[in-house]
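**Student:** Structure incoming, see below.
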């Protein structure tokens with residue numbers, strides 16, 4: 001390995017580099033003389049796709065090279081040979097309208113191996129695929145040590161043992177360590193590759209940032225702004241005054257161009273003061289009379305203020321049973337309903353609340369979201385089911401009277417963000433209601449949690465409100481960071497689940 005390195009440079013391949021490039025090829029492929037590219041072929045590649053042809057230079061010497069084309073992958077995905085995918089090395093298969101970057105060669109001169117130069121070339125290919133909005137990168141990878149095991153192992157068994165580190169294959173090991181996954185064994189891929197028995201492994205890397213082109217303008221946002229209402233419990237002179245406070249918060253949050261407004265669980269319970277002479281289970285049912293009016297108002301505000309509103313929760317009577325429900329009022333006029341599935345012992349005993357049965361992910365103009373009301377966030381199965389359906393943001397409206405109860409919600413919500421690789425926003429109420437039985441005091445600190453990895457805050461907290469103070473908390477979350485985390489995170493909680501040992505599914 002070379003020492004005394006002064007500079008390393010990645011640059012586009014130029015035809016003037018050819019003489020030196022040929023010497024590098026000769027040194028890199030001593031057993032594969034047919035792999036030496038002719039000058040006319042290099043010229044063709046540079047002419048049709050200059051961005052796909054790069055060299056890496058160390059101390060101004062060519063140390064390695066990567067050559068690529070763009071192909072319509074549907075023509076080759078089911079199986080192909082090297083001749084087929086390269087048009088018998090004429091590169092007639094290249095098209096700028098293709099959907100996949102196909103690697104036709106990568107090599108590093110032996111004197112420069114050990115410097116992780118190959119990783120730089122592969123990283124460039126990934127960046128190029130992202131820049132061109134391609135679905136990913138693919139190529140046929142050699143397995144040069146397979147000839148040693150061909151009598152005892154099938155290619156599939158050989159690949160499996162390489163992945164388990166039971167066999168060392170310098171090429172395949174390197175490619176797997178660079179996030180390329182084996183997807184198919186291709187026989188008779190490269191004639192003359194006796195070390196690999198003419199067999200190659202189709203290796204693929206998926207571009208998680210790929211966006212399918214459509215004639216309809218995309219409205220899915222990638223950076224989403226959240227507005228959380230930390231609601232102050234106080235006496236109100238009936239519904240009009242409560243509505244005035246709701247309008248204030250929605251107007252303020254929409255003024256900051258937020259995409260979502262999140263209200264707390266049961267934030268309208270100050271209206272129960274007028275029925276405080278009744279038993280608590282009767283008073284909460286009287287409160288349910290206000291729920292349709294609130295829903296209508298929230299839907300109107302969502303449209304007029306151009307914001308998606310998560311209404312926290314409100315009591316609702318259905319078939320004589322009392323439920324704790326909430327609504328997603330979309331800015332396009334759509335309305336979605338969610339239910340609290342687990343009621344606390346106190347809610348069941350004092351109010352007679354029943355647990356709901358509906359759990360689903362909601363499609364919005366900012367991606368897929370889920371909502372779990374308070375206690376539901378303490379049951380990890382629920383959020384995992386939502387994550388399996390593609391949820392990016394979990395909203396948790398909550399109501400807690402003590403710091404103990406708040407800590408349960410907070411700590412469980414933060415765990416949900418980590419284990420499900422999603423953002424979690426929690427919003428609660430503060431203050432006191434001395435004239436409402438069972439609602440006399442509240443404790444809350446609204447927060448936005450993230451996964452814990454390099455692209456996110458080290459402590460997993462994107463934003464936090466001041467405890468026990470009425471305020472609005474605003475935070476931006478980047479959905480693309482979740483996609484990258486899923487593929488390249490330090491740990492990958494969703495990918496690494498042992499589904500061979502356990503599975504989770506909804507009851508039918």
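**Student:** For the range 151-170, name all the residues that are part of a loop (DSSP other than H, G, I, E, B) and farther than 14 Å from residue 196 by Cα.
**Tutor:** Listed by number, the residues that qualify are 152, 164, 165, 166, 167.
**Student:** Please tell me if residue 148 is within 27 Å of residue 94 (Cβ to Cβ) and either surrounded by fewer than 14 Cβ atoms within 10 Å (Cβ to Cβ) or without any contact (Cβ under 8 Å) to a residue 40 or more places away in the chain (or both).
**Tutor:** Considered against the rule, which asks whether it is within 27 Å of residue 94 (Cβ to Cβ) and either surrounded by fewer than 14 Cβ atoms within 10 Å (Cβ to Cβ) or without any contact (Cβ under 8 Å) to a residue 40 or more places away in the chain (or both), residue 148 comes out as no.
**Student:** When you go through (1) surrounded by 18 or more Cβ atoms within 10 Å (Cβ to Cβ); (2) under 22 Å from the mean Cα position of the chain (by Cα); (3) at pLDDT below 95 one by one for residue 125, which number turns out not to apply?
**Tutor:** The number of the failed condition is (3).
**Student:** Going by what's in this entry, would residue 9 be described as within 14 Å of residue 105 (Cβ to Cβ) and loosely packed, with under 13 Cβ neighbours inside 10 Å?
**Tutor:** So residue 9 fails the test.
**Student:** Sticking with this structure for a sec: If I ask for residues that are under 17 Å from residue 92 (Cα atoms) and out of contact with any helix residue (DSSP H, G or I) (no Cβ under 8 Å at 6 or more places or on another chain), which ones from the range 9-63 would you list?
**Tutor:** Listed by number, the residues that qualify are 38, 40, 41, 44, 47, 48, 49, 50.
**Student:** Which residues, taken from the range 179-196, are buried (at least 18 other Cβ atoms within 10 Å of the Cβ) and farther than 17 Å from residue 83 by Cβ?
**Tutor:** Correct list: 180, 182.
**Student:** What is the residue count in the range 461-501 for residues that are touching a residue at least 24 places away in the same chain (Cβ under 8 Å), part of a loop (DSSP other than H, G, I, E, B) and farther than 21 Å from residue 412 by Cα?
**Tutor:** Qualifying residue count, the range 461-501: 4.
**Student:** Would you pick out the residues in the range 429-455 that are in contact with a strand residue (DSSP E or B) (Cβ under 9 Å, 6 or more places away or on another chain), surrounded by fewer than 16 Cβ atoms within 10 Å (Cβ to Cβ) and in contact (Cβ under 8 Å) with a residue 40 or more places away in the chain?
**Tutor:** 432, 441
**Student:** Kindly indicate which of 112, 139, 107, 91 is over 19 Å from residue 183 (Cβ atoms) and surrounded by 22 or more Cβ atoms within 10 Å (Cβ to Cβ).
**Tutor:** 112
**Student:** Can you name every residue in the range 174-189 that is without any contact (Cβ under 8 Å) to a residue 40 or more places away in the chain and assigned to a loop (DSSP other than H, G, I, E, B)?
**Tutor:** 187
**Student:** Do we have residue 237 as loosely packed, with under 13 Cβ neighbours inside 10 Å and part of a helix (DSSP H, G or I) here?
**Tutor:** no
**Student:** Something else about it: Scan the range 401-408 and give yes if some residue there is in contact (Cβ under 8 Å) with a residue 24 or more places away in the chain and touching a strand residue (DSSP E or B) at 6+ places or on another chain (Cβ under 6 Å), otherwise no.
**Tutor:** Checked against the condition, which is being in contact (Cβ under 8 Å) with a residue 24 or more places away in the chain and touching a strand residue (DSSP E or B) at 6+ places or on another chain (Cβ under 6 Å), the range 401-408 yields at least one hit.
**Student:** Can I ask one more? Does any residue of the range 378-385 turn out to be in contact with a strand residue (DSSP E or B) (Cβ under 7 Å, 6 or more places away or on another chain) and closer than 29 Å to residue 241 by Cβ?
**Tutor:** No: zero hits.
**Student:** Same structure, new question: Could we say that residue 309 is in contact (Cβ under 8 Å) with a residue 12 or more places away in the chain, outside any helix (DSSP H, G or I), touching a strand residue (DSSP E or B) at 6+ places or on another chain (Cβ under 8 Å) and closer than 17 Å to residue 424 by Cα here?
**Tutor:** Against the criterion (in contact (Cβ under 8 Å) with a residue 12 or more places away in the chain, outside any helix (DSSP H, G or I), touching a strand residue (DSSP E or B) at 6+ places or on another chain (Cβ under 8 Å) and closer than 17 Å to residue 424 by Cα), residue 309 qualifies.
**Student:** Let me ask something else about it. Suppose the filter is surrounded by 13 or more Cβ atoms within 10 Å (Cβ to Cβ), at negative phi and not in a strand (DSSP E or B); does residue 458 pass it?
**Tutor:** For residue 458, the condition - surrounded by 13 or more Cβ atoms within 10 Å (Cβ to Cβ), at negative phi and not in a strand (DSSP E or B) - is not met.
**Student:** Restricting attention to the range 252-265, report how many residues are in contact with a helix residue (DSSP H, G or I) (Cβ under 8 Å, 6 or more places away or on another chain) and either surrounded by fewer than 19 Cβ atoms within 10 Å (Cβ to Cβ) or free of Cβ contacts under 8 Å to residues at least 60 places away in the same chain (or both).
**Tutor:** 1
**Student:** Can you spot a residue in the range 266-286 that is under 20 Å from residue 473 (Cβ atoms) and out of contact with any helix residue (DSSP H, G or I) (no Cβ under 8 Å at 6 or more places or on another chain)?
**Tutor:** Within the range 266-286, one or more residues are under 20 Å from residue 473 (Cβ atoms) and out of contact with any helix residue (DSSP H, G or I) (no Cβ under 8 Å at 6 or more places or on another chain).
**Student:** Are any of the residues in the range 211-221 surrounded by 15 or more Cβ atoms within 10 Å (Cβ to Cβ) and assigned to a loop (DSSP other than H, G, I, E, B)?
**Tutor:** no
**Student:** In addition: Step by step: first the residues of the range 316-342, then only those that are touching a residue at least 40 places away in the same chain (Cβ under 8 Å) and more than 14 Å from residue 266 (Cβ to Cβ), then the one that is surrounded by the fewest Cβ atoms within 10 Å (Cβ to Cβ). Which residue is that?
**Tutor:** Only one residue tops the list, namely 335.
**Student:** Of the residues 421, 470, 464, only one is under 13 Å from the mean Cα position of the chain (by Cα) and assigned by TED's automatic domain parsing to the domain that holds residue 252; which?
**Tutor:** After applying the criteria, what remains is 421.
**Student:** Is it the case that the range 128-147 has a residue that's in a helix (DSSP H, G or I) and in contact with a strand residue (DSSP E or B) (Cβ under 9 Å, 6 or more places away or on another chain)?
**Tutor:** Yes, the range 128-147 contains at least one residue that is in a helix (DSSP H, G or I) and in contact with a strand residue (DSSP E or B) (Cβ under 9 Å, 6 or more places away or on another chain).
**Student:** A further question on this structure: Can you pull out every residue in the range 349-371 that is touching a helix residue (DSSP H, G or I) at 6+ places or on another chain (Cβ under 6 Å) and under 23 Å from residue 331 (Cβ atoms)?
**Tutor:** The answer is 361, 367, 370.
The values are calculated or read from the model by the stated rules, or taken from the named source; none is laboratory data. Just so it is clear, the structure is predicted and the values come from calculations on it, not from any experiment. Heads up, the Cβs are rebuilt from the backbone with ideal geometry, glycines too, and the neighbour counts pull from every protein chain shown.
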